[in-house]
There are 4 protein chains.
Amino acid sequence: MTVRVAVAGASGYAGGELLRLLLAHPGVEIGALTGNSNAGQPLGALQPHLLPLAGRVLEPTTAEVLAGHDVVFLALPHGQSAAVAAQLGDEVLVVDMGADFRLADPAAWERFYGSPHAGTWPYGLPELPGARAALEGSRRVAVPGCYPTAVTLALLPAYAHGLAEPEAVVVAASGTSGAGKAPKTHLLGSEVMGSMSPYGVGGGHRHTPEMAQNLGAAAGEPVTVSFTPTLAPMARGILATCSAKARPGTTAQDLRAAYEKAYADEPFVHLLPEGRWPATASVHGSNAVHVQVAYDPAADRVIAVSAIDNLTKGTAGGAVQSMNIALGLPEETGLSTIGIAP
Amino acid sequence: MTVRVAVAGASGYAGGELLRLLLAHPGVEIGALTGNSNAGQPLGALQPHLLPLAGRVLEPTTAEVLAGHDVVFLALPHGQSAAVAAQLGDEVLVVDMGADFRLADPAAWERFYGSPHAGTWPYGLPELPGARAALEGSRRVAVPGCYPTAVTLALLPAYAHGLAEPEAVVVAASGTSGAGKAPKTHLLGSEVMGSMSPYGVGGGHRHTPEMAQNLGAAAGEPVTVSFTPTLAPMARGILATCSAKARPGTTAQDLRAAYEKAYADEPFVHLLPEGRWPATASVHGSNAVHVQVAYDPAADRVIAVSAIDNLTKGTAGGAVQSMNIALGLPEETGLSTIGIAP
Amino acid sequence: MTVRVAVAGASGYAGGELLRLLLAHPGVEIGALTGNSNAGQPLGALQPHLLPLAGRVLEPTTAEVLAGHDVVFLALPHGQSAAVAAQLGDEVLVVDMGADFRLADPAAWERFYGSPHAGTWPYGLPELPGARAALEGSRRVAVPGCYPTAVTLALLPAYAHGLAEPEAVVVAASGTSGAGKAPKTHLLGSEVMGSMSPYGVGGGHRHTPEMAQNLGAAAGEPVTVSFTPTLAPMARGILATCSAKARPGTTAQDLRAAYEKAYADEPFVHLLPEGRWPATASVHGSNAVHVQVAYDPAADRVIAVSAIDNLTKGTAGGAVQSMNIALGLPEETGLSTIGIAP
Amino acid sequence: MTVRVAVAGASGYAGGELLRLLLAHPGVEIGALTGNSNAGQPLGALQPHLLPLAGRVLEPTTAEVLAGHDVVFLALPHGQSAAVAAQLGDEVLVVDMGADFRLADPAAWERFYGSPHAGTWPYGLPELPGARAALEGSRRVAVPGCYPTAVTLALLPAYAHGLAEPEAVVVAASGTSGAGKAPKTHLLGSEVMGSMSPYGVGGGHRHTPEMAQNLGAAAGEPVTVSFTPTLAPMARGILATCSAKARPGTTAQDLRAAYEKAYADEPFVHLLPEGRWPATASVHGSNAVHVQVAYDPAADRVIAVSAIDNLTKGTAGGAVQSMNIALGLPEETGLSTIGIAP
């Protein structure tokens, strides 16, 4: 069986990474590629690393162009997915790589995005309890944000096993590709090379309620997240350093056991051997998540660190993984846990 | 008046940065330069950026070589400073850029360094309450660690004004020069470019007790610090993202007022205007500290961020600033708040 | 059919990249992995990006360990391959990723390497005229150097079609992984980030005679190469900027036609559309070579530029491509022309 | 004596670097700062590394604003300087950091810039024979381009001493700040980190005729330059790798002697000791030029390499050096040969 897929937003970083993965996916035929401002251009001019598609020409993002595919991936600015999805039939699998359908709480959506809530779709983080069941057979998928993917998988076992207090503190460093391909002065190479800087400090980043939603579901009680993202001088990768006060009685052994149990059967989440810590270079281009956890006795805190590729597991890889589940394909099809290093 | 200074450890990164600053210092004459494994080599082969000293030859680090100077800077591996200092007269100003004399608590020293405590010297962070008085006229100075400089100055006003609970959570990103010039595989360019990774996770980094000492002094009660350092793909700079639960009743206005008051007269600490955040690129090569603070209402936490150049304010600039105070020179002599950007 | 392969030198950068490719090769079973100083260590500690092999333990590089494989890849320091190969049977395919068997001229070998010439094996650059025939069925392969791969493929059509004078001038920039994983001060991240520097200037680089050998074969007359390599602040990639005086009468159209003809059927060499130029980012992790050529009328020179990934097409990908030919497999098996960008 | 200076174009990279240098210049008082699109903004928001000027507000670039200064620096897009300069009195020293007045040959100007030639001003490369005399007392200065500065100083002694044939081949790598601060997709950090790429290949770069002009003047005969610039993953620095066929009889000793003689008394050009090669990191933020030369016997070519900071000696430092000469100040005032490394 081969499914025919279209990609809306093929000229950006998320779209390019998705195409890289789809080219290696044995069950997929790549159909329409769209992009609004770049419609009419060959993909070779926009994504020169994707040689097999160099001659393909971008079309405008319209319902007509996207019609006739089994799967449509949306890599669009937030606020645009609902209208496009409404024009596609219910039998089409729509995988939204944007934010529109991630949050269950309309109030949280409106507070962070300032627009009416579009709804909630099955959430494409299969490692969350219950997520696989919701994805199976679904024809709508909301792919998680890159930071929430990294942070949720870093802290999930601690909260699921009741080992951490419900106030998480997260500082995460992201490569610049997470900020997209639209040219902005603060994203110029001259500005970012040699520099680390924070943004959205004080609770303002839009991924914050998504993290709280995931961790709260795992904990069975509300979890607050103090989240500070930072921009790092690298193109790809997220390193999430997460901590929370330990629940009374929590030991390093408890943590190790909880993480080992949680991820023993997960194909993409890899708990590192004790004493080794994640590095984003090790997951470059890979769908793997490297995780490690420690207990700091002096501060009485659980410290969990994860590394992902923001474009792969954090966006396009997560999207393909969810597509596989929705279509009933083996979950790992077309995905790899092997990074490109150094 | 011109003082004659010697630098022990002139071939490393701290020594090189110190020489860069001393070359611009109007009250200093550069005397002996030493380095053990590199003794006999011209400085031009080891520090090719320091053209005016290219022909100077490194001598071995001995008491004879260091004798006859008014000031001796020690940029040596920890554990070596005490023996060298003992051979220099009490009238010589000895500025130790290593860790040996920073901690007041012998038990903390022994726990983190595993060797007998050598003693405690006046601490070269003039911005700490009481520090300037202790430095004036002193002939021994312990220069702070780079991370403690960044973290202390980020959180000092919050603790000094009773606005934060005594459990700080710190995640800091450092450029690779902080790890020194000795060749190690994990510090190769191939390994660090494109990668973020943590180290010393779980409370193990030796700078942790120094941060707790400084913040505890400011708070007037013990402060625990959960500290996670990360290695960033850049040569210089520290970005310290620090937070703590807010004391009940703390507002954003309280924080702003406390930081403005604390740093209004500090020549090197710059509280950024509201809405702007520190970036390490802005302090590259500068002795300035850029600081910003916010209150996160959802998490009820104080978030303070600072950026320094780890080699300048974090090491060699802090050393020169302390030397100036000890010698009775204007504190800013030879130092600049101007960075090299982009 | 599945062949069983061993990799001698699995802990270095070339060995790691080779394993990454072999893991994706459908006709290969990975057997022994060896490394001398790292023998006994799990690969997960040395190559953390290769998750599927994390538990494999390195063995010492001995004839006993390497025995019983169909293919043995040697990623060893130069001078060591001959002795190892001599202990392996003639029926074993030995693919040497080192320099020992690349040069046909013993005098050139001795001048550049200072040791006796070990011999000459079929040369693993299939795009050279006659190379595929020599590789088919061979049980010994000398993989080209990374710079010669990039330079030869940039200039080959110009020389093969008699469009350039036999004095080539080459300046190439390489990522730091080309210098290997052994820790050296000048390869530290602190040294290479933000810096470009040349090395081996004036004709001293050992890859120079190999380029001359390849281009001379294409031209049918001796070609001199003025080669200046430079170290660039990136982990991977070679950008080779090559030029030569145009033969009288050469036009831009001649050049375009020659390059189109030369590479029309090559699976891995991609002549870019006119007006677009190679970038190393576009071939990151790919076995593709991006090539472009221009004629500069004012200087009357042919300018050809190529970009490769030094570890993939420049080393491990070239090795796999040659293995495929030697074994009679489709040449592209397990190899990709898709890069990882950004 | 203190001169009052204005800077037109203070928000860009050249303007920012100029201000950094002027802040350290003892004979200068910084007056009006202008910028068109950023007029009204505080400099602290645009150049956060220049703390002492953080509160200064940008004004529009008009004759009224620029009036009343002794010196006016123009960091404007090419084509705009003539109109501004015409409105300033003849007694005002106008230092143009743009291209408008660099070329003596109107035909070359029109061919490369496509607009009428504005004229020729004394050329601000004091190291060129005759340049200092032309600059002394002049009230108009054309600051050289960054690439021509690096390339001219690399090859000048070879041509001035008749040691090289008049066909130069240059490949230069530049940091991204040379491309300016206006946001463009190909200059995003995501695009440039990890990538080397050429541009303007085949003789199209506008700095080419300027190099030919300088080298031709030194040689006393026309010199052609085959120039290929490349964009390197660093913010600052130019490494120029230059070569030319040796004139018959040229020896390595001839070259060394010529370079030693040429630069013995130059305050900013440093011929490295034999065996050491320039690195851009060594001149980061410095006005120094590091130069080395070699003779390649096999290719019979002279190979000369220089490293500069494109924003310092390549733009703003060269401008200040020329201002000093024009005003009769010591040439080195406010400039340094010390880099910031690592």
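The values are calculated or read from the model by the stated rules, or taken from the named source; none is laboratory data. Source: prediction; values computed, not measured. All Cβ positions, even for glycine, are placed from backbone atoms using ideal geometry, and neighbour counts span all protein chains on display. Surface accessibility is based on the protein's heavy atoms, side chains included, excluding ligands, DNA and RNA. Shrake-Rupley method; radii C 1.70, N 1.55, O 1.52, S 1.80 Å.
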Quiz item: Residue check: is D:Val141 part of a strand (DSSP E or B) and under 28 Å from D:Pro330 (Cα atoms)?
Solution: yes
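Scan C:Thr241, C:Thr250 and give me the residue that is in the same structural domain as C:Thr149 (by the TED database) and either assigned to a helix (DSSP H, G or I) or within 30 Å of A:Pro233 (Cβ to Cβ) (or both). Outline the logic, then answer.
Details: C:Thr250 fails: either assigned to a helix (DSSP H, G or I) or within 30 Å of A:Pro233 (Cβ to Cβ) (or both).
Within the list C:Thr241, C:Thr250, the selection yields C:Thr241.
Please go through segment C:125-139 and pick out each residue that is farther than 16 Å from C:Ala316 by Cβ and under 16 Å from the mean Cα position of the chain (by Cα).
Let us first name the residues in segment C:125-139 that are farther than 16 Å from C:Ala316 by Cβ, namely C:127-139.
The answer is C:Glu127, C:Leu128, C:Ala131, C:Arg132, C:Leu135.
When the residues of segment B:41-82 are narrowed to those that are part of a strand (DSSP E or B) and either without any contact (Cβ under 8 Å) to a residue 40 or more places away in the chain or open to solvent by 10 Å² or more (accessible area, probe 1.4 Å) (or both), which ends up nearest to D:Val269 (Cα to Cα)? Spell out the reasoning first.
Within segment B:41-82, the first condition is being part of a strand (DSSP E or B), and the residues that meet it are B:42, B:50, B:57, B:59, B:71-74.
Checking which are either without any contact (Cβ under 8 Å) to a residue 40 or more places away in the chain or open to solvent by 10 Å² or more (accessible area, probe 1.4 Å) (or both) leaves us with B:42, B:50, B:57, B:59.
Working: B:Pro42: 19, B:Leu50: 14, B:Val57: 22, B:Glu59: 28 Å.
Among residues in segment B:41-82 that are part of a strand (DSSP E or B) and either without any contact (Cβ under 8 Å) to a residue 40 or more places away in the chain or open to solvent by 10 Å² or more (accessible area, probe 1.4 Å) (or both), the one nearest to D:Val269 (Cα to Cα) is B:Leu50.
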Self-check item: Given (1) in contact with a Phe, Trp or Tyr (Cβ under 9 Å, 6 or more places away or on another chain); (2) part of a helix (DSSP H, G or I); (3) more than 27 Å from A:Ile238 (Cα to Cα); (4) open to solvent by less than 30 Å² (accessible area, probe 1.4 Å), number of the condition B:Ser177 does not satisfy
Solution: (3)
Quiz prompt | Residues within segment C:228-237 that are open to solvent by less than 10 Å² (accessible area, probe 1.4 Å) and more than 8 Å from chain D (Cβ to nearest Cβ), tallied | solution = 1
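Only one residue in C:Ala104, C:Ala134 is at negative phi, open to solvent by 10 Å² or more (accessible area, probe 1.4 Å), in contact (Cβ under 8 Å) with a residue 24 or more places away in the chain and of a type outside the set (S, T, N, Q), so which one is that?
Values: C:Ala134 fails: in contact (Cβ under 8 Å) with a residue 24 or more places away in the chain.
Selected residue: C:Ala104, the only one of C:Ala104, C:Ala134 that is at negative phi, open to solvent by 10 Å² or more (accessible area, probe 1.4 Å), in contact (Cβ under 8 Å) with a residue 24 or more places away in the chain and of a type outside the set (S, T, N, Q).
Give the number of residues within segment B:76-106 that are closer than 30 Å to B:Leu215 by Cβ and modelled with pLDDT under 95.
Keep residues of segment B:76-106 that are closer than 30 Å to B:Leu215 by Cβ, which gives B:76-82, B:85, B:93-106.
From what's left, modelled with pLDDT under 95: B:76-82, B:85.
Count: 8.
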Quiz prompt | Odd one out for D:Val293, checked against (1) buried (at least 24 other Cβ atoms within 10 Å of the Cβ); (2) away from chain B (no Cβ under 12 Å); (3) closer than 22 Å to B:Pro52 by Cβ | solution = (3)
Exercise. Would you check if there is a residue in segment C:3-12 being crowded, with 20+ Cβ neighbours inside 10 Å, under 18 Å from A:Ala279 (Cβ atoms) and in contact with a Leu (Cβ under 7 Å, 6 or more places away or on another chain)?
Key: yes
Quiz item: In this structure, does D:Leu51 turn out to be at pLDDT 95 or above and out of contact with any His (no Cβ under 8 Å at 6 or more places or on another chain)?
Solution: no
Quiz item: If you go through segment A:198-213 one residue at a time, how many are closer than 15 Å to A:Leu153 by Cα and either open to solvent by 10 Å² or more (accessible area, probe 1.4 Å) or in a loop (DSSP other than H, G, I, E, B) (or both)?
Solution: 4
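For segment A:113-131, what are the residues that are crowded, with 18+ Cβ neighbours inside 10 Å and either closer than 24 Å to A:Val84 by Cβ or not acidic (Asp, Glu) (or both)? If you could, list the steps in order and put the result at the bottom.
First pass over segment A:113-131, keeping only residues crowded, with 18+ Cβ neighbours inside 10 Å: A:118, A:121-128, A:131.
Of everything in segment A:113-131, those that are crowded, with 18+ Cβ neighbours inside 10 Å and either closer than 24 Å to A:Val84 by Cβ or not acidic (Asp, Glu) (or both) turn out to be A:Ala118, A:Trp121, A:Pro122, A:Tyr123, A:Gly124, A:Leu125, A:Pro126, A:Leu128, A:Ala131.
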Quiz prompt | Single residue of B:Gly162, B:Gly130, B:Gly180 found to be of a type in the set (Gly, Ala, Ser), over 27 Å from A:Glu167 (Cα atoms) and in the same structural domain as B:Arg247 (by the TED database) | solution = B:Gly180
Quiz item: Restricting attention to segment D:41-51, does a residue exist that is assigned by the TED database to the domain that holds D:His117, within 30 Å of B:Val289 (Cα to Cα) and of a type in the set (S, T, N, Q)?
Solution: yes
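Hey, can you tell me all the residues within segment B:36-61 that are of a type outside the set (A, V, I, L, M, F, W, C), within 15 Å of B:Val5 (Cα to Cα) and away from chain D (no Cβ under 14 Å)?
Filtering segment B:36-61 down to residues of a type outside the set (A, V, I, L, M, F, W, C) leaves B:36-38, B:40-42, B:44, B:47-49, B:52, B:55-56, B:59-61.
Add one more test, that the residue is within 15 Å of B:Val5 (Cα to Cα), and what stays is B:56, B:59, B:61.
Selection gives B:Glu59, B:Thr61.
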Quiz item: Of the residues B:Ala252, B:Ala246, which single one is more than 7 Å from every other protein chain (Cβ to nearest Cβ), in contact with a strand residue (DSSP E or B) (Cβ under 9 Å, 6 or more places away or on another chain), surrounded by 20 or more Cβ atoms within 10 Å (Cβ to Cβ) and under 19 Å from A:Ser226 (Cα atoms)?
Solution: B:Ala246
Quiz item: Going by the conditions given, is B:Arg20 within 14 Å of chain D (Cβ to nearest Cβ) and open to solvent by 60 Å² or more (accessible area, probe 1.4 Å)?
Solution: no
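Could you check, for segment A:139-148, whether at least one of its residues is buried (at least 24 other Cβ atoms within 10 Å of the Cβ) and without any contact (Cβ under 8 Å) to a residue 60 or more places away in the chain? Steps first, please.
Step one: list which residues in segment A:139-148 are buried (at least 24 other Cβ atoms within 10 Å of the Cβ), which gives A:141-148.
In the following step, the residues that additionally are without any contact (Cβ under 8 Å) to a residue 60 or more places away in the chain were identified as A:142.
There is at least one residue in segment A:139-148 that is buried (at least 24 other Cβ atoms within 10 Å of the Cβ) and without any contact (Cβ under 8 Å) to a residue 60 or more places away in the chain.
Out of the residues in segment A:214-225 that are surrounded by fewer than 24 Cβ atoms within 10 Å (Cβ to Cβ) and hydrophobic (A, V, I, L, M, F, W, C), which is nearest to the other protein chains (Cβ to nearest Cβ)?
Filtering segment A:214-225 down to residues surrounded by fewer than 24 Cβ atoms within 10 Å (Cβ to Cβ) leaves A:216-224.
Among the residues that remain, those that are also hydrophobic (A, V, I, L, M, F, W, C) are: A:217-219, A:223.
On the way: A:Ala217: 18, A:Ala218: 18, A:Ala219: 15, A:Val223: 10 Å.
The residue in question is A:Val223.
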Practice problem: Take segment A:182-213 and flag every residue that is among the charged types (D, E, K, R), within 21 Å of B:Pro278 (Cβ to Cβ) and away from chain B (no Cβ under 11 Å). | Solution: A:Lys184
Exercise. State which residue is farthest from the other protein chains (Cβ to nearest Cβ) when the search covers only segment D:277-290 and only residues that are among the hydrophobic types (A, V, I, L, M, F, W, C) and touching a Phe, Trp or Tyr at 6+ places or on another chain (Cβ under 8 Å).
Key: D:Val289
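Being in contact (Cβ under 8 Å) with a residue 60 or more places away in the chain and either assigned to a helix (DSSP H, G or I) or farther than 29 Å from C:Val225 by Cα (or both): is that true of D:Glu260 here? Spell out how you get there, then give the answer.
Values: in contact (Cβ under 8 Å) with a residue 60 or more places away in the chain: no; either assigned to a helix (DSSP H, G or I) or farther than 29 Å from C:Val225 by Cα (or both): yes.
When the stated conditions are applied, D:Glu260 does not pass them.
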Quiz item: In the set A:Ala172, A:Ala179, which member is at the interface with chain B (Cβ under 10 Å from one of its Cβ atoms), in contact with a helix residue (DSSP H, G or I) (Cβ under 6 Å, 6 or more places away or on another chain) and either under 27 Å from B:Leu272 (Cα atoms) or in contact (Cβ under 8 Å) with a residue 60 or more places away in the chain (or both)?
Solution: A:Ala172
Quiz prompt | Residues being closer than 16 Å to B:Leu335 by Cα and at the interface with another protein chain (Cβ under 8 Å from one of its Cβ atoms) - total across segment D:325-342 | solution = 4
Quiz item: If we scan segment C:119-134, do we find a residue that is away from chain D (no Cβ under 14 Å), of a type outside the set (A, V, I, L, M) and over 18 Å from C:Met97 (Cα atoms)?
Solution: yes
Quiz item: Got a number for residues in segment A:160-169 being facing chain B (nearest Cβ under 10 Å) and open to solvent by 50 Å² or more (accessible area, probe 1.4 Å)?
Solution: 1
Practice problem: Evaluate the following for C:Pro157: is it open to solvent by less than 10 Å² (accessible area, probe 1.4 Å), over 23 Å from C:Pro198 (Cα atoms) and in a helix (DSSP H, G or I)? | Solution: yes
